[in-house]
1. Hey, among Phe4, Phe63, which residue is surrounded by 14 or more Cβ atoms within 10 Å (Cβ to Cβ) and within 16 Å of the ligand (Cβ to nearest atom)?
2. For the stretch 179-226, which positions are of a type outside the set (Asp, Glu) and free of Cβ contacts under 8 Å to residues at least 24 places away in the same chain?
3. Identify the residue in the stretch 72-104 that is touching a strand residue (DSSP E or B) at 6+ places or on another chain (Cβ under 7 Å) and not aliphatic (A, V, I, L, M) and, among all such residues, is nearest to Thr38 (Cα to Cα).
4. Output the residue which, of all residues in the stretch 26-60 that are more than 16 Å from the ligand (Cβ to nearest atom) and out of contact with any helix residue (DSSP H, G or I) (no Cβ under 9 Å at 6 or more places or on another chain), is nearest to Asn299 (Cα to Cα).
5. Tell me, please, whether a residue that is touching a Phe, Trp or Tyr at 6+ places or on another chain (Cβ under 8 Å), polar (S, T, N, Q) and surrounded by 16 or more Cβ atoms within 10 Å (Cβ to Cβ) can be found in the stretch 183-198.
6. Given the criteria hydrophobic (A, V, I, L, M, F, W, C), modelled with pLDDT of 95 or more and assigned to a strand (DSSP E or B), does Leu52 qualify?
7. For the stretch 252-270, indicate whether the set of residues that are within 16 Å of the ligand (Cβ to nearest atom), under 22 Å from Leu180 (Cβ atoms) and assigned by TED's automatic domain parsing to the domain that holds Pro204 is non-empty.
8. Do you know which residues across the stretch 296-315 are in contact with a Phe, Trp or Tyr (Cβ under 9 Å, 6 or more places away or on another chain) and either within 15 Å of the ligand (Cβ to nearest atom) or more than 19 Å from Thr65 (Cβ to Cβ) (or both)?
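The values are calculated or read from the model by the stated rules, or taken from the named source; none is laboratory data. Here the structure is a predicted model, which means the values were calculated and not measured. Ideal geometry is used to build each Cβ from the backbone, glycine not excepted, and the neighbour counts take in all protein chains shown.
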Amino acid sequence: MKNFISLADLPDFEETLALAKSLKKDPFAFEQHAKRKTLGLLFFNPSLRTRLSTQKAAQNLGFNTMIMNFSNEAWALEFEDGTEMRGIRSEHVREAAAVVSQYCDMVAIRAFASLTDKEQDEAEIVLNSFAQYASIPVINMESATGHPLQALADAVTLSEYPTPHKPKVVLTWAPHPKALPHAVGNSFAQMMQAQDADFVITNPEGYDLDPRITKNIPVLHNQEEALKNADFVYAKNWCSYENYGSIVRTDNAWMLTTEKMELTNNAKFMHCLPVRRNIVVADGVLDHPNSLVIEQANNRTFAAQAVLKTLLDHV
Ligand code: CP
């Protein structure tokens, strides 16, 4: 495993999941593993959970960490080859990635989708350029199309609440005033395809995720129908994929409410956070004992730790 760009890069998903769970029980089991190694964390976008949990995960393994907000602290990067760099972009990614590789043993990068150019977003220019020009492993801390560290943490959370039957897991679109990326929905859908679960996605017409990712997962355009007998309900907004980057619905009909949760099998509620209260989900759902959102955030540390350890062991 040279890089961790998507869940598919893991040599064995179940093994990494088991490692994350064992690290949760004993976070310092490998506290010398990365002694004298440095993890660089580069953020092109804001973060709370990913930044703190990945830094904590690294420290639990003995890494030193260096963090940089590329959006406002670094030189603006050029990604195209052969350009005359007369504009605001002062440094080419070829040099930047090579230079970061001199100071760090691994680099983790967050670079969201622009949501203006589907082709460019799907090319994952930032992450793939670093993967191409860095000489160290590259870790995805949410890219244009995926958030695999979140999905691995979500798999840990799901596994902590076993059901006596095959669980029904529903990923439901929910409203949001801003156009948000598809990364969390994509990676959750990819992760769920490897689970022994009855997995359903529900979203309004015009909000279907990339069919190359959802494949044969059932997609229902009737939220209440989808929620019936669910054991887990994962809410998330994303903008239109088909009409790329646009907001098709502005009403609150798809907000997750306590009344809708009554349709479920006393379902646990999940969201990756941050979440806009009473827009995406009603207070009563978020504050209910069935809400797992804080445990999901807690599990981010152990998911990241498992990925870092797996990379250390396989490079
Ligand atoms: N869930 C998640 O990635 O949170 P942050 O954007 O705060 O890192």
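1. On inspection, the qualifying residue turns out to be Phe4.
2. Selection gives Pro211, Arg212, Lys215, Asn216, Pro218, Val219, Leu220, His221, Asn222.
3. The extreme case among them is Cys104.
4. Among them, the one singled out is Asp26.
5. No, the stretch 183-198 has no match at all.
6. Taking the combined requirement at face value, the residue does not satisfy it.
7. Checked against the condition, which is being within 16 Å of the ligand (Cβ to nearest atom), under 22 Å from Leu180 (Cβ atoms) and assigned by TED's automatic domain parsing to the domain that holds Pro204, the stretch 252-270 yields at least one hit.
8. Passing the criteria: only Val307.
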